[in-house]
Every structure is written in C-alpha cells, then in structure tokens.
Amino acid sequence: MTDQFQLTDDQLAIQDMARKFTADRITPFAAEWDEKHHYPVDVWKAAGELGFGAIYVAEESGGIGLGRLEAALIMEAMAYGCPATSAYVSIHNMATWMIDRFGGAEIKARFLPQLVSMEKIASYCLTEPGSGSDAAALKTTAKRAKDSGGDHYVLNGTKQFISGAGTNDIYVCMVRTGEEKSKGISCLVIEKDTPGLSFGAPEKKLGWNASPTAQVIFEDCRVPVENLVGAEGDGFRFAMAGLDGGRLNIGACSLGGAQRCLDEAIAYTKDRQQFGQPIADFQNTQFMLADMATDLEASRALLYLAAAKVTANAPDKSRFSAMAKRLATDNGSKIVNDALQLFGGYGYLRDYPIERFWRDLRVHSILEGTNQVMRMIVGRDLLRQ
C-alpha cells in the first residue's frame, strides 16, 4: 500500500479485473448454481487463465506471486457474486501454495503446472470427524511400506467437511506418520484415481450449495513416498502456516457478500414505498444502513491491515489475522441479516439474493477456525506480551 489507507494502482487494477470477471462469469449465474447445486468447474478454468488459481504462488513456479492483500481483494470481489465460489478459490489457492512453499523441486514439477492453471483443481484435507478445532488430534494413519510396487504409504482414515470432495482432482492431506501429537503429522498429495481412495455422499448443507462437500475416505490407500510434501513430521507446521492466509480469505469473502447485500438494501429501500414514501426516507432505515456501512468499513480496514502484516511476516500477523477474521465474519453475517430485515418478507424469498448470502455467510464464523478459537488466539497473544 502506498500509505495506510490507499490501494496502489496495481492493486486497484487487480481489484477491477476481479470485479469484471465476477460481473461477467459469476453474478448472473450464482442463484442457479445454488438452486441446482452446480459446481462451476468451467468458471474455475477461466479464473485460472487470469492467474486466480495461484495468487500467492511464486512466479518461478508459474504463479502470479502477489501478496495477501491482493488475494483478499480478489476474494472480496468474487464473493460479491457468490461467496461459495470465492471461498472455493481460496481453498484451491491454499493447497497449491502449500505445495509451492514447502514441496521439493520434483513434486512441484509434477503437480504445480496443472494446479496453477486450474486445469486440475485441489482440495485441502485437514478436518476429521473427531478433530475440528483440535486439528492436531487427527487420526488418519499413513504407514510406510515397501514391496514390489515400490516405496509408499498405506493410508487409513476419514476426512470430514472437504470442499470439492469427489469432484476435484488433487487432495492435499494431513496424515499421521508418527505417534507424537503435532510432530507426528505429515503432508501428502493424493490424486483422485488412487486405489483405496473413495468419497462419502455429498453433504446436505444450509448454504455453499455451489461447492460440494463430502467425506474423503482412505481404505488401505497406497500413496507413493514421492508425494510427501517437505519432510515427515512437518505437516502440522505447514497447516498452521496456511491458516493466517485462509482466515484472511474467508474474512474477505464475508466482506464481499456483506457489500453486495448492503448495495441491494440501499437500492431496495429507495424503491420500496410504504406510508406514501420510500422506506429509505425513514430514520430507522437510515440508521440501520449507517450501522451496516460503518461495520463493513471497520471490518475491511482491519482485514486489509492484517493482510499487509501477513505479507510482511510481521510478528503479530497471527493475532491480527484472527481479529480480522472474527470481526469480518461476525459483522458480515449481521449486515446480511439486517439487509434481510430491510427487505421484509421479500428478503426471505429466493427471488432476491439476500437469503442466499444469509445462508452462505453463516458458515464463515466456523471455517478456518471457529470465531471462539479466534478469540482464544487473540487473548493468549495479548497475555504473552
């Protein structure tokens, strides 16, 4: 940023490109995707052509090598059309970045070209049925074995709530290779057609219908040792390193959805007549809109600041990412809820976009660490000072 409050010309150009892509390829179709539970893979390919599949992957690996603020701008712009679509792009970026940041030359050469272009699409697999907030308690085992088929890991276990499961091509998975809780976790890249890999039925969800969610199931699944990212035992460190960026991205998705609903509410209240005048003329309406706009701008300012800290690797980056994620997702849901209230009964109908955003944004206070965990991170960091 040129200063604390102003985006650079390059950042504004990136934001504008993402907004135009959203207006052309996402916003007009998002309601239909939601209704039909359609996963718009063709849109991912188009996004990949713009570099949105590898936003913070290094340029030497084929990415566009941007910072976390630029990533947040892109996610926010895309969420204006469809939060589920934007959040999925965030997940793909995190998985691709993890291979680029921590993988060796051989694994990067094998997987990154097709992931960067989004010719192939990635899922990220950390959560399990019994380990959500306590991610280090994961139980999916990967036992090393060697036979005529070569050196490989044999995986057994289940991953839960995996976006894109059953549809996506690549699964970046955290698995247990040792007994020690966090230091016994390693990271493997697994291809969809690997024997022993299967998927649960698609989950029936409140929102995010444009992004399928299912279990990823390993039953004596054989994965080549060459698919290990980094060293054995380093997986949990990789997972934690990815969380700050993931939290910023999901916060940015809430900003984009909230901005869309604020804009829709302003337009609707100007048009809607009651008691002989537009409801925008009532002080109650104006106060609600003023609070919505204020909360949105406060959330955006904190999130952009946190993004700049993550890019700069500032010592307090994790605290600010947690604060920004908590504020943006809580405020985002409240702003959308207030927009629905301003729409009255029409806000409850699928003829208008508000109820879809209300459903889609609700999960953001759970994803990438619940907002209760965000408070715990902030509180502990404050007390360490």
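Readers should treat all values here as calculations from the given coordinates under stated rules, not as data from a laboratory. It should be emphasised that the depicted structure is a prediction, and the values quoted were computed from it without experimental measurement. Here the Cβ positions follow ideal geometry from the backbone for every residue, glycine too, while neighbour counts run over all protein chains shown.
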Open item on the list: Considering only C-alpha atoms, what is the centroid distance from the range 232-259 to the range 340-368, in Å?
Closed with: 23
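How much length is gained on full extension from Q385 to A241, taking 0.36 nm per residue of separation minus their Cα-Cα distance?
Working: separation 144, 0.36 × 144 = 51.84 nm, distance 2.13 nm.
Here the segment from Q385 to A241 would lengthen by 49.7 nm.
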Task: Rg ratio (alpha-carbon, reference 2.2 N^0.38 Å) - the range 255-300 - done: 1.20
- [ ] Run the dipole for the range 268-385 about the Cα centre, Lys and Arg Cβ at +1, Asp and Glu Cβ at -1, nothing else charged, and hand back the magnitude in debye, nearest 20.
- [x] 540
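What trypsin sites (Lys or Arg not before Pro) in the range 278-381 are in a loop by DSSP, with at most 13 other Cβ atoms within 10 Å of the Cβ? Intermediate values should be presented prior to the final figure.
Values: sites: R300, K309, K317, R319, K325, R326, K334, R350, R356, R359, R362, R375, R380; in loops: R350.
Those that pass, being in a loop and sparsely packed, are R350.
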TODO: Give me the distance between the Cα centres of the range 3-34 and the range 45-108, rounded to whole Å.
DONE: 14
Open item on the list: Taking R0 as 41 Å, what FRET efficiency do you get between E119 and F275 from their Cβ-Cβ distance, rounded to the nearest 0.05?
Closed with: 0.10
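When the expected Rg is taken as 2.2 N^0.38 Å, what fraction or multiple of it is the alpha-carbon Rg of the range 9-121?
Details: Rg = 13.8 Å, N = 113, 2.2 N^0.38 = 13.3 Å.
Cα Rg divided by the expected 2.2 N^0.38 Å: 1.04.
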- [ ] Return the distance in nm (one decimal) between the two label points of a simple spin-label model at K334 and A58, each offset 7 Å from Cα along Cα→Cβ.
- [x] 4.2
Open item on the list: What FRET efficiency comes out for E32 versus K143 if R0 is 35 angstrom and r is the Cβ-Cβ distance? Round to the nearest 0.05.
Closed with: 0.20
Open item on the list: If a paramagnetic tag sat 7 Å from the Cα of D193 along the Cα-Cβ line, which residues of the range 140-170 would have the backbone N under 18 Å from that point?
Closed with: 166-170
TODO: Give the residue from S186, G67, G149 lying farthest towards the positive end of the charge dipole for the chain; charges sit on Cβ (+1 for Lys and Arg, -1 for Asp and Glu) and the dipole is referred to the Cα centre.
DONE: S186
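For the range 237-384, what relative contact order do you get, as a whole percent, if you take Cα pairs closer than 8 Å and at least 6 residues apart?
Numbers: 176 pairs, mean separation 47.0, N = 148.
About 32 percent, as a whole number.
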Task: Estimated inter-spin distance, F282 and S133, nm [label 7 Å along Cα→Cβ] - done: 3.9
- [ ] Classify the chain as rounded, prolate or oblate, taking a ≥ b ≥ c as the square roots of the eigenvalues of its Cα gyration tensor: rounded when a/c is under 1.5, otherwise prolate if a/b is larger than b/c and oblate if not.
- [x] prolate
- [ ] Would you work out which of M174, C82, S123 lies farthest towards the positive end of the dipole of the range 50-203, given +1 charges on the beta-carbon of Lys and Arg and -1 on that of Asp and Glu, about the Cα centre?
- [x] M174
TODO: With springs only between Cα atoms under 10 Å apart, run a GNM on the chain and tell me which of F287, F236, F199 wobbles the most.
DONE: F287
Open item on the list: Which three numbers, in whole Å and largest first, are the semi-axes of the equivalent ellipsoid of the range 123-233 derived from its Cα gyration tensor as √(5λ)?
Closed with: 23, 17, 11
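Please compute the net charge surrounding G246, taking Lys and Arg as +1 and Asp and Glu as -1 over other residues with Cβ under 11 Å from its Cβ.
For residues surrounding G246, the net value is +1.
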Task: Positive-end residue, the range 9-121 charge dipole about Cα centroid, Cβ charges, pick of A47, W97, A30 - done: W97
Open item on the list: Which log10 I(q)/I(0) values does the range 88-154 give at q = 0.24 Å⁻¹ under the Debye formula, counting every alpha carbon as one identical point scatterer?
Closed with: -1.05
TODO: Report the charge-dipole magnitude of the chain in Debye, nearest 20, computed about the Cα centre from +1 at each Lys and Arg Cβ and -1 at each Asp and Glu Cβ.
DONE: 920
Open item on the list: Tell me the relative contact order for the chain as a rounded percent, counting alpha carbon contacts under 8 Å between residues six or more apart.
Closed with: 17
Task: Separation between Cα centres of the range 122-161 and the range 265-281, rounded to whole Å - done: 54
- [ ] List, largest first, the extents of the alpha carbons of the range 281-385 along their principal axes, each in whole Å.
- [x] 48, 27, 24
Task: Orphan Cys of the chain, criterion: no other Cys C-beta under 4.7 Å - done: C82, C187, C221, C253, C261
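At 0.36 nm per residue, minus the direct Cα-Cα distance, what do K205 and D42 gain on full extension? Give it in nm, one decimal, please.
56.4 nm
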- [ ] Name all residues of the range 348-385 having a backbone nitrogen under 18 Å from the label point set 7 Å from the Cα of D316 along its Cα→Cβ direction, giving them as ranges.
- [x] 374-385
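What number comes out for the charge environment of P315, summing +1 per Lys or Arg and -1 per Asp or Glu over other residues with Cβ under 14 Å away? Show your work: numbers first, answer last.
Values: positive: K309, K317, R319, R384; negative: D244, D316, D381.
Every neighbour counted, the sum reads +1.
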